[in-house]
Amino acid sequence: MTGTTLSETLLLNQEAPRTPTPTRQRLLSRRIVWQILLYALLIVLAVIYIYPFLVQVATSFKTEAEAASDPISLIPQTFTFAAYERLFGRSDYPVWFANSTIVTICVTLGRVFFVSLAGYALARLQFRGRGLVFAAVVAVMAVPAVVLLIPKFLVINQLGMYDSYAGMIIPLLVDAAGVFIMKNFFESIPVSVEEQARIDGAGAFRLFWSVVLPMARPALITIVILSFQGSWNELSHFIVSTQSPELTTLTKGVASLASGQLSQGSQYPIKLAAAAIMTIPVAVMFFVFQRHIMNTAEGAVKG
Amino acid sequence: MTATAVAPRRAGKARKGLRRGEALAGWLFTGPVLIILGVFLLIPVVMALWVSFSDWSGRGSPFSSGVSFVGLENYAAITTDGGLPTRDFGTALRNNGWYVLLVVPLQTALALFLAVLVNRAILRGRGFFRTAFYFPSVTSTVAITVLWLFLFSANGVVNEALSWIGISGPNWWADPSGIVHNGLAAVGVTQGPPVLTENDFLGLSWWDWLAGPSVAMTALILMAVFTTSGTFMLLFIAALQNIGSEIQEAAMMDGANGWQRFWRVTLPQLRPTLFTVITLGLIGCWQVYDQIYTGTQGGPGKTTMTPAYLSYTSAFLGQDWGQGAAIAFILFAIIVAFTAFQRWVLRERPVSKRRARQYQQPSRPSTASPAVAASARVPSVPEPTTTDPTKEDER
């Protein structure tokens, strides 16, 4: 914990002739104290953020009696797989999982493509009605999903998509907030990037696909994460677009567990196990992409 | 089209020729989004609007001949009739209002705070911290509600932790008392002044409006802050990284301390992201539904009932489709009003235009080499005494 980065050291060194040096030492030691406080704060915060999940996993391996009597400990006294055996052996949990997977993959792929296309058009292409389109998208963003519950069911039903994967997937393919995010990002990319390709005769799609999109990686990753999470975690849409048990997703299934589908007791180990497994895919997704999120925006345009 | 596109370019009208075909591309690019939004958002909204003015019973099509127009009847039932629907709606608005009032500022401030903390280049293990803070956001509301029900149960983790410091925690999910009322009761005020208790709005006395979120709702508020701060932190981090470090370094050279750098250099550049975060936060907070559906179902004592959930129960469970749709539209209006209001609050004020321009000038450091950026008059945080507009403008 040296207290300064390379760049700060360089700066300080560069400044050396101009700034009087005695203050430097005091500045450095003060910085170290700040650093220690910063790390202490970060660690406390991290514990607050992580502990609930550790307890969740721990409890899923406890017996129900222990979950009630000793909720806070991270090491089960009686280690049992009962909750997991019950979920995978004697419930529809695997079906829920498969459905969530299918829907999520389709929605994420479609959304990333459509949303970035539209975001690019709204940020860069000049066409009559662009302002109107953007205003419409923003307005739609403000439409509460619950306004749509009843009529969404009617539309899906009318189109013959009720209780089918199509009805679950297609309405989720587009997300106004994603368009908003992509548009903001594309606007932050300097126009000069495209000028050259445009002069070379590249069409709009080619410009989008091979020049601008690769640069939008940080924003795209944000969209991937948000869509993956969004569709994996979607609940209300599946409540109105499906009814058959074969199409139940994890959210619907686990919500039914939470509201007491299980017969007796609080059954915390099973509920928490169900919720924990449900978290794994999105967590894995995040760990995979996390590295990319770190180096955003570097090297967009040089010179 | 290519032929026609090429000709004018050769003729020298470069700009126009280069931009040819953009109209078509623009519509093609936005087409899929527009179609899907139209079919699954716009058309349903129109249908819902009609339902809110009709006596549709939920059977058959709402456009069939048996369904008739009832005007504002559904809206009146929930706003002015003073009956149970009015009272329920008032209660739901009260609950959600407190939820918004507490969650939006807390989640925005916390997200920005976390982003600034973990965005430091110096920080060791920032990947770890970032993961830790983002982790709750990847969890679905359903999963986290299940976890929260456990954590905040009467003998749960939270109460056990509270008992270590001598506090006997409430029975969170069964406690309908408002925290503002509880706070007042602690200083001996258990009854409101007559002016508050005797006048009411939407079937709820003003004293009840000021009750604050119930203890149960407070647990949900903590949950919302816990789960959303990570997502918004990501947006702030992305924005912070777009800002680039040149201006920061220049400000450092000018002798600005960390606090000044944050308020005068970083924050003004984050304005668009701040706008996005607060907008998304407001929109999200007025739609609390999943956690109520999974967890409390509006209880205890209807203190976690929200307009979104009330709309669902009125329509799907109570078969009052018109009222359900009407609630949804009032909610819609509230969200639009709030978004407009916060847009107005966060607008660029004429007074600060000059200031804003100072900050925006170098706001795309990535276009320039560091040398150019450094020379680009990085205005940032002059000491208060030396702020001189004329000097800032010479170039």
For this session: Hey, can you tell me all the residues within segment B:48-74 that are away from chain A (no Cβ under 13 Å) and polar (S, T, N, Q)?
Result: B:Ser65, B:Ser68
For this session: Restricting attention to helices (runs of 4 or more DSSP H) lying wholly within segment A:55-173, give those where 3 or more residues are open to solvent by less than 20 Å² (accessible area, probe 1.4 Å) and not β-branched (Val, Ile, Thr).
Result: A:93-124, A:149-158
For this session: Considering every residue within segment B:279-301, establish whether at least one is over 30 Å from B:Leu117 (Cβ atoms), in contact with a Pro (Cβ under 7 Å, 6 or more places away or on another chain), more than 9 Å from chain A (Cβ to nearest Cβ) and part of a loop (DSSP other than H, G, I, E, B).
Result: yes
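Rundown of residues vs (1) more than 21 Å from the chain's Cα centre (by Cα); (2) more than 30 Å from B:Thr313 (Cβ to Cβ), yes/no style:
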site: A:Gly89; (1), (2): yes, yes
site: A:Thr101; (1), (2): no, yes
site: A:Cys106; (1), (2): no, yes
site: A:Ala118; (1), (2): no, yes
site: A:Val155; (1), (2): yes, no
site: A:Phe185; (1), (2): no, yes
For this session: Taking the residues in segment B:193-224 that are open to solvent by less than 20 Å² (accessible area, probe 1.4 Å) and assigned to a helix (DSSP H, G or I) as candidates, determine which candidate is nearest to B:Thr108 (Cα to Cα).
Result: B:Ala224
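Listed here are the residues, each with its yes/no results for (1) over 30 Å from B:Leu331 (Cα atoms); (2) at pLDDT below 85; (3) assigned to a loop (DSSP other than H, G, I, E, B).
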{"position": "B:Gly12", "(1), (2), (3)": "yes, yes, yes"}
{"position": "B:Arg15", "(1), (2), (3)": "yes, yes, no"}
{"position": "B:Gly26", "(1), (2), (3)": "yes, yes, no"}
{"position": "B:Leu37", "(1), (2), (3)": "no, no, no"}
{"position": "B:Leu42", "(1), (2), (3)": "no, yes, no"}
{"position": "B:Asn74", "(1), (2), (3)": "no, no, no"}
{"position": "B:Ile78", "(1), (2), (3)": "no, no, no"}
{"position": "B:Asp81", "(1), (2), (3)": "no, yes, yes"}
Seminar exercise, completed: Inside segment B:250-275, the number of residues satisfying the requirement of being over 15 Å from A:Ser188 (Cβ atoms), free of Cβ contacts under 8 Å to residues at least 40 places away in the same chain and within 12 Å of chain A (Cβ to nearest Cβ) is 5
Exercise. Would it be correct to say that B:Thr131 is farther than 23 Å from B:Ala219 by Cα and more than 8 Å from every other protein chain (Cβ to nearest Cβ)?
Worked result: no
For this session: Could you tell me whether B:Ala115 is at negative phi, in a helix (DSSP H, G or I) and open to solvent by 20 Å² or more (accessible area, probe 1.4 Å)?
Result: no
Exercise. Of the residues that sit in segment A:115-155 and are aromatic (Phe, Trp, Tyr) and over 17 Å from A:His237 (Cβ atoms), which one is modelled with the lowest pLDDT?
Worked result: A:Phe127
Exercise. Could we say that B:Val180 is out of contact with any Ser or Thr (no Cβ under 7 Å at 6 or more places or on another chain), modelled with pLDDT under 85 and open to solvent by 20 Å² or more (accessible area, probe 1.4 Å) here?
Worked result: no
For this session: Any chance you could count how many residues in segment B:181-192 are within 20 Å of B:Gly90 (Cβ to Cβ) and out of contact with any helix residue (DSSP H, G or I) (no Cβ under 7 Å at 6 or more places or on another chain)?
Result: 1
Problem set entry | Lone unmet requirement of (1) open to solvent by less than 50 Å² (accessible area, probe 1.4 Å); (2) more than 29 Å from B:Gly281 (Cβ to Cβ) for B:Thr190 | (1)
For this session: Would you check which residues across segment B:19-47 are in contact (Cβ under 8 Å) with a residue 12 or more places away in the chain, of a type outside the set (A, V, I, L, M, F, W, C) and at the interface with chain A (Cβ under 7 Å from one of its Cβ atoms) and list them?
Result: B:Gly21
For this session: Please indicate, with yes or no, whether at least one residue in segment B:305-324 is over 24 Å from B:Leu49 (Cβ atoms) and within 11 Å of chain A (Cβ to nearest Cβ).
Result: no
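The values are calculated or read from the model by the stated rules, or taken from the named source; none is laboratory data. Please read these numbers as outputs of a predicted model, since none were measured by experiment. Note that each Cβ is placed from the backbone with ideal geometry, even for glycine, and that neighbours are counted across all protein chains shown. The area values use the complete protein model at the heavy-atom level, side chains included, leaving out ligands, DNA and RNA. Shrake-Rupley method; radii C 1.70, N 1.55, O 1.52, S 1.80 Å.
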